[in-house]
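What follows is a single structure, written as structure tokens, with notes after it.
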Amino acid sequence: MVGLVVVSHSRALAEAVVSLAGGLSEQEIPIAVAGGAGADHRELGTDATDIIAAIRRVDSPDGTLIVVDLGSAVLSAETAIDLLQYDLTGPARVVPAPLVEGVIAAAVQIGLGSSLDAVAAEANRALLPKQSHLKDSLPQTGLPAADRAGCSDANEEEWLVGRFPVNTTYGLHARPAARIAWIAGTYDARGEIRHPGRDSAWVNAASLNRIATLQVLRGEEFEIRFSGPEAAEALDAVVALAAENLGESSYRPVPDEPPPLMGLSRSPDVFQGVPAAPGVAVGKLVPLGLPRAFPDRGADPGPAARSTPPNVADVRRAFRDVRRTITLVSAELRQEASEAFADGRGEAGEIIEAQAVLLSDPELLRLAVTNHARYELEPLEAFWRAAEEISREYRAMDDEYMRGRAIDVLDVAIRLISRLAPEAVEQPEIPEEPSILLVEELLPSLVIDLDPDRIIGVVTLAGSASSHAAIIARGAEIPMVAAVPLPKGWQESMAGRDVILDGDSGTVRISPPHAEMESIRETLYREARRREIARRQAQSPALLRDGFNVPVLANVATLADARRAALNGADGVGLLRTEFLFLGRKVLPDEDEQLAALREMTTPFVDKSVTVRLLDIGGDKDVAALRLPRESNPFLGMRGVRLLLHGEYEELLHTHLRALLRLAADRPIQLMVPMVSLVEEVRSIRSHLVIVRDELLRAGIAHGWPVDLGIMVETPAAAFMAERLARIVDFFSIGTNDLTQYVMAAERGNSALDALDDSLHPAVLAAIRATVKGADSRGVPVSLCGEVGADNDALPVMLGLGVQQLSVNPAAVVSVKERIRMLTWEDCRRRARLAATCDVAGAVRRSASMR
């Protein structure tokens, strides 16, 4: 009897289909399920090892039929078959049948004892009865209705089309393109995309490379269309992504890149490049070659084309290991991305995630197979030539940022080839001694692993400030200069030369006088020593010169943030963002998982104050596991407490509150409610806390009670209702970032509205003054947790207005404490009084900076 395997991204869906098929088959048949991802199969996804186990369970001499749902399930199933092909008792086959109808049709045929060919044929015809019955609803074309029932010609497809603007910093670059490709590959729909402004052809929307090569720039538009059973859902997902600015929270101006001088400047030993990562480094140059897997043939693909087409089975066999390794390495990259996000290295995480999409791009594998079939290249070289071809397409683009993606394609190809044939790739040797690397172009994967104590600077001949390598270097605080026009023979002539690298000005000085080298080294040492002394002093309270203590706490979103804040002397956590538990998740974390993560995150502050903000999603923060409402203006819609109190999300709220009350059994915490506008919202949260407390009491689970409850003051409503809100809360925390946005009615991060995005605007100061006045009427303490707390001009004004403690970015704790120790209470009050007389933010800043 033929075995049957059902593969779906959703374990629950696969099991439901099997249950339905079992009820329709006349006798019991060998059927197995493979679906879901993660240890408990609760996340959406497919896993080749899970499919292998399922095939083994139903393996039969008569054969095994595998019915899959969509996208990566096909690749995972093919990988599983390749790995098992010599271990099975019979043939295994994946069919393009619809999941539900195909499984049912196959199950009936298997129950009748049909052959594998007959079962597969019946599964593939499973939609015919439905198509015949609903023939009147099929697209009307020139074909007779009887012929249309089984037709799948692309020209007859009905498309759902959307057109979207691109406002991301670098246009439709790798990261937003990866998100679109993920959508196109996830839904049961065919997706195509084009650049309407250039009248380009439609290309595969599931291919990151094909999307990127459309060269859709900031301010332009792209058009995308879907057809198939889930076309509407796929287009809705793109609508939601576009509403979130394609996943990029705000526009970030591209660093200025002065054109590199084609030669020397200032002196024969000074080269002008592009400032890519700030900082100064002094040391010896160490040339490093770019890894190459195969000899460079330029645009020549290889040997002459073969005269006869290859056997399809031979091609599948030849690429078995390549396909399997693509799956494995892509999974490794996604795991590395998750670890980077958890460590607070968000930009590195996004870059690694985009590399996983690059490697999984079906277009890359298709080109590799074409090279193999046409030029008789071995699979690995065929794959490398395909990567080179796509890399050349990127390098030919007009946009500087997109040209920078060329090295990313080669990077993932090198990683795959290194896994399958390590001897084929000559890996660079990183020096043990502190050195400045000199490379033609830097692989992002190499920068991620660099130790800043060993690699103190980087000089590249190619690249730009917007390259992924430069972005990672900035995050690692490694000074870097790109696009340096060194003369030919640089690898030999520059090896071991002394150099001064200035990542701020983009200059590289070769063989400077020894005295100048030592002078700069001494300056760098003194600055490092000063920072270290300040960091040690930051472990002590920040006292104004007249003795008043101003606690300086930290805003933390990751465990890495918490550790850095504690190291820098933060007096506690003024804002613990709980969104990290939910963002990027396809399945919501349960109560125990939330508790474990929060316990770990608060460990560095075991004996200090910790304020936890309740889950603040909506606006620019979406959660894949939730079907959040689609809104035309999400920043003014269902976000923060509004979403938590919506009836649809009550279980989400209760699970979250239970985890937080259990955390309160370990250590004292305060809870803070985001986006409050109404008194009723605070009362409702208190009611839910009582309900959850009673549940924990009945279950005999340890928890903390009572727990102080405060609010974020970030809406004008909360600021001007402060006196009434102060009657029912234990503390206020002013979120100046959102408060400024809402008071000024100006989108945060919109460069065209920079003049309105200033927390020292008199209107914002009036809202803060009203908040403090309302809090004082009830003796409620007021803290501030916006970026303005680390602003040298704003800090004394905020203290003078009555703010009692500050919560800032972990990196700013040391400098904020230094600044506080220079001030007096009367000085702060005087600056606040001067600010009250000003009409514009600029005047406030000028008055605040006066001695």
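The values are calculated or read from the model by the stated rules, or taken from the named source; none is laboratory data. None of the values given here were measured: they were computed from a predicted structure. So basically every Cβ, Gly included, is an ideal-geometry build from the backbone, and we count neighbours across all protein chains shown. Quick note on the areas: whole protein, heavy atoms, side chains included, nothing else; ligands and nucleic acids left out. Shrake-Rupley method; radii C 1.70, N 1.55, O 1.52, S 1.80 Å.
Quick notes
- Separation of alpha-carbon centers, region 770-848 and region 679-739, rounded to whole Å: 25
- Measuring r between the beta carbons of Glu651 and Ala596 and using R0 = 22 Å, the FRET efficiency lands at 0.70.
- Take the chain with all the other protein chains still there, run a 1.4 Å probe, and you get 43 Å² of accessible area per residue.
- Extension gain, Ala665 to Glu221: 0.36 nm times the residue separation minus the Cα-Cα distance gives 154.6 nm.
- Cβ-Cβ FRET estimate between Val587 and Asp694, R0 fixed at 22 Å, reported to 0.05: 0.20
- Put a dot 7 Å past the Cα of Ser19, heading toward its Cβ, do the same for Val315, and the two dots end up 4.2 nm apart.
- Binning all Cα-Cα separations of region 728-851 at 10 Å, short to long from zero, yields these whole-percent fractions: 13, 45, 36, 6, 0.
- Among the GluC sites (Glu not before Pro) within region 335-390, those in coil by DSSP and having at most 14 neighbouring Cβ atoms inside 10 Å are Glu376.
- Calculated FRET efficiency, Arg829 to Glu747, Cβ-Cβ distance, R0 = 41 Å: about 0.75 to the nearest 0.05.
- Stokes-Einstein translational diffusion, region 794-849 - Kirkwood Rh over all Cα pairs, 1.002 mPa s, 20 °C, in µm²/s: 183
- If you wrap the tightest convex hull around every Cα atom of the chain and split its volume per residue, you get 202 Å³.
- Paramagnetic reach from Met822 (point 7 Å along Cα→Cβ, amide N under 15 Å) across region 541-565: 543-545
- Of all DSSP bridge pairs formed entirely within the chain, close to 40 percent run antiparallel.
- 18 Å reach of a label modelled at Val270, 7 Å along Cα-to-Cβ, counting backbone N of region 508-536: 508-521
- Its relative contact order, with pairs defined as Cα atoms under 8 Å and 6+ residues apart, puts region 342-425 at 24 percent.
- Whole-angstrom gap from region 491-538 to region 565-610, using each part's C-alpha centre: 37
- Where N is the number of residues in region 508-658, Cα Rg divided by 2.2 N^0.38 Å: 1.49
- Segment Thr523-Asn737, length gained on full extension (0.36 nm per residue, minus Cα span): 73.4 nm
- Mean projection area, nm², convex hull over Cα of region 638-703: 4.4
- Global geometry of region 526-584, whether rounded, prolate or oblate, following the gyration tensor of its Cα atoms and the 1.5 cut on a/c: oblate
- Coupling constants for region 454-460 follow from the phi torsions by the Karplus curve (6.51 cos²θ - 1.76 cosθ + 1.60, θ = phi - 60°), and in residue order they are 9, 9, 9, x, 9, 10, 10 Hz; glycine and proline get x.
- Value of relative contact order over the chain, rounded to a whole percent, pairs C-alpha under 8 Å and six or more apart: 9
- Here is the tail figure for region 613-747: Cα pairs spaced more than 24 Å apart come to 32 percent of all pairs.
- Pairwise centroid distance, computed over Cα atoms, of region 99-114 with region 380-403, Å: 45
- Apportionment of accessible area to carbon and sulfur, region 744-787, percent (1.4 Å): 50
- Karplus-based coupling profile of region 637-644, in residue order and whole Hz: x, 7, 9, x, 5, 4, 6, 4, with θ = phi - 60° in 6.51 cos²θ - 1.76 cosθ + 1.60 and x standing for Gly or Pro.
- Converting phi to 3J(HN,Hα) with the Karplus coefficients 6.51, -1.76 and 1.60 and the offset θ = phi - 60°, region 798-806 yields 5, 5, x, 6, x, 5, 9, 8, 10 Hz in sequence order, with x at every glycine or proline.
- DSSP bridge orientation in region 699-842 - percent antiparallel, rounded to nearest 5: 0
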